[in-house]
Amino acid sequence: MKSYFVFLLFLVASCSGNTIPKDVLKPEKMEAVLWDTMLADEMAEYYVIRDTSINAFMQHTGLYKKVFKIHKITQEDFKKSVEFYGTHPYLLKPIFDSLQKRSERSVSNSRPVI
């Protein structure tokens, strides 16, 4: 009976690692938010390079706030999700793979045809 209990405890513990807590963004939403934050970073850098009087930190912060508003999340929601996925790389890898494919599609669609 004791070995059955230990096995059951092990099974429950191993399965619970795949569960995403309710206060963490689901993978599809996390991917969308990460994509938009990457675009926000690119835009902020573009503005800062074009106008050196712009404060880079404030530009990034302002654009991130807009991304959070668009996705109806808070900075704390994003931070919790980043921390969670950072400690669960097997859940983060598919998100990054999707972002990579999305980036490749974006680049291939923007190349001029010769």
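The Cβ shell under 14 Å around residue 47 holds other residues with a net charge of -2, Lys and Arg each +1, Asp and Glu each -1.
Among the GluC sites (Glu not before Pro) found in the range 35-114, not one is both in a DSSP coil and sparsely packed, with 16 or fewer other Cβ atoms within 10 Å of its Cβ. Shown is the FRET efficiency for residue 55 and residue 76, computed with R0 = 22 Å from the Cβ-Cβ distance and rounded to the nearest 0.05: 0.40. Atom-type composition of the exposed protein surface of the range 31-99 places 62 percent of the accessible area on carbon and sulfur (1.4 angstrom probe). Between residue 20 and residue 99, the simple spin-label model (points 7 angstrom out along Cα→Cβ) gives 1.4 nm.
Classify the range 22-69 from the C-alpha gyration tensor, please: rounded if a/c falls under 1.5, else prolate or oblate depending on whether a/b exceeds b/c. Prolate, because a/c is 1.5 or more and a/b exceeds b/c.
Calculated accessible area for the range 38-114 comes out at 79 Å² per residue, all protein chains present (probe 1.4 Å; ligands, DNA, RNA ignored).
The values are calculated or read from the model by the stated rules, or taken from the named source; none is laboratory data. Bear in mind that the values here come from a model prediction, so they are computed numbers and not experimental data. Because the Cβ atoms are built from the backbone with ideal geometry, glycine has one as well, and the counts that use them run over all protein chains shown. These area figures cover heavy atoms from the full protein model, side chains too; ligands, DNA and RNA do not enter into them. Shrake-Rupley method; radii C 1.70, N 1.55, O 1.52, S 1.80 Å.
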